[in-house]
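For reference, the structure is listed below as structure tokens.
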Amino acid sequence: MAADLFSSCKQPRGGSLRPEEGPKWSRGPAVFGLALLLVLFYVFPAQAGNSDRSEKEESPWLIGLKVKRFFKSHTSYEFGNPFPPGQVPLSRLEFPLDSWWAGLELRREFPRWSFGLEALRNLSREALKRAKDSDWEDDHATGIKTIYSESDCRLEPSYMVRADVDLKVSDWLGLPQWLDLRPVMGLRWQRFEFVTHDGTQYYPAPGDTRPPEPLPGDGIRFKQTYWQYFLGVRAACDLPKSPDLPPVKFLMQLDWAYVEGHNEDHHLLREGRRFTYEDTIGDAWHASLGVRVGIWQNLSAGLELEHMLIHTTGSHRLENRPFGMDFIFNNGVTVWSEQTSLMLTLNYQF
């Protein structure tokens, strides 16, 4: 961060705060919900499964090659001053996600339900935008930004994984055959790692005459993990078949997720070994809209537009052991991410 927390807030005698208890959370409820849904799929009355057995496709497996491009996307966090006057925010960091990703999807269709697994990794070495770091240090003018920096941002190996199950209910609801409606439940896991480098620090407060300062080399190593347990609905709409046109299917999904997040921020330019950590909980909304077109026998191509908004709150821990610093607070601790992407897919059913 552009300025150390202790350069902008008063320490109590002794140099540290008594640690506060961080947020209590557990993955237990979400894991239980996933397990319950799987049990329902397997023990659902045999009559329901048998009545649909004739609809099982001859090619139940699908494998897909995916290329994703994030745009206007970021992941960010901020925290407030744990000491009076308690301004929020005291510091904010924004890491760009605009980048290229690629990976695979594998899906298995059953007569009544399906299971899918997707894994993606970043292709881009450098993010296509710059990281931003802002501080509001002035205790007497808490709304004035006093320090601001921009840096190039390197993407270290980062990953996104999704596993989900869905259940066919359109026939139970009496919907037309061209509309396949399914509740869906699953898990998304995202692991991002950034390194900011070769930046410039500015002093934008009115009257501040300090010139910009270069920040050569690596500045911040930031690691972030999101666990997202989601529940929603997906739909597939088949267009009327025509001998002159390839088969076309529109795909939609809307879901909500319970989110657990963890950040690790290592300020490489600070004295000692300065780390900060955030443990947060919150939620996420996700929506996607896509189209899939048959191009040859069991081969199809798809295009999907996707948007996700994550918002979590929790605790912030500052640790710099060579200086005897290790404490936790939760004033104004917020972690959020906006992720918009366009994805191309090439699918093969077998």
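Where a number appears in this text, it was derived from the coordinates with a stated rule and is not lab data. All values derive from a computational prediction rather than experimental measurement. Every residue, glycine as well, gets a Cβ built from its backbone with ideal geometry; the counts of neighbours run over all protein chains shown.
Take every Cα-Cα pair in the range 227-350 and report what % of them are more than 22 Å apart. Before the final figure, lay out the partial values.
Values: 4338 of 7626 pairs.
Result: 57 percent of Cα pairs exceed 22 Å.
Once phi is turned into θ = phi - 60°, what whole-Hz ³J(HN,Hα) does the Karplus curve with 6.51, -1.76 and 1.60 give for every residue of the range 104-110, x standing for Gly and Pro?
10, 10, 10, 9, 10, 8, 10
Please compute P(r) over all alpha-carbon pairs of the range 152-219, binned at 10 Å starting from zero, and give each bin as a whole-number percent.
Spelled out per bin, shortest first, that is 15, 20, 17, 14, 14, 12, 7, 0.
Taking neighbour counts of Cβ atoms within 10 Å as a proxy for exposure, in what order, fewest first, do Arg188, Arg121 appear?
Arg121, Arg188
Which loop GluC sites (Glu not before Pro) in the range 244-321, with loop taken from DSSP, have no more than 13 other Cβ atoms within 10 angstrom of their Cβ?
Sites meeting the loop and neighbour criteria: Glu271.
Compactness ratio of the range 205-255: Cα Rg over 2.2 N^0.38 Å, N = residue count?
My calculation over the Cα atoms of the range 205-255 gives 2.68.
Run down the aspartates and glutamates and flag those whose C-alpha is under 13 Å from the C-alpha of Lys72, throwing out any fewer than 8 positions away in its chain.
Glu94, Asp98, Glu306, Glu338
Using the Cα centre of the range 96-160 as the reference point, and only Cβ charges (+1 on K/R, -1 on D/E), how large is the resulting charge dipole? Debye, rounded to the nearest 20.
Result for the range 96-160 is approximately 600 debye, rounded to the nearest 20.
Filter the trypsin sites (Lys or Arg not before Pro) in the range 272-306 to those in DSSP coil with at most 14 other Cβ atoms within 10 Å of their Cβ, and list the result.
The qualifying sites are Arg273.
Among 193-202, 103-112, how do they line up by average Cβ neighbours within 10 Å per residue, starting with the highest?
Output ranking for 193-202, 103-112: 193-202, 103-112.
Quick one: Glu213, Glu338, fewest Cβ neighbours within 10 Å first, how do they rank?
Details: Glu213 12, Glu338 16.
By the 10 Å Cβ count, ascending, the order reads Glu213, Glu338.
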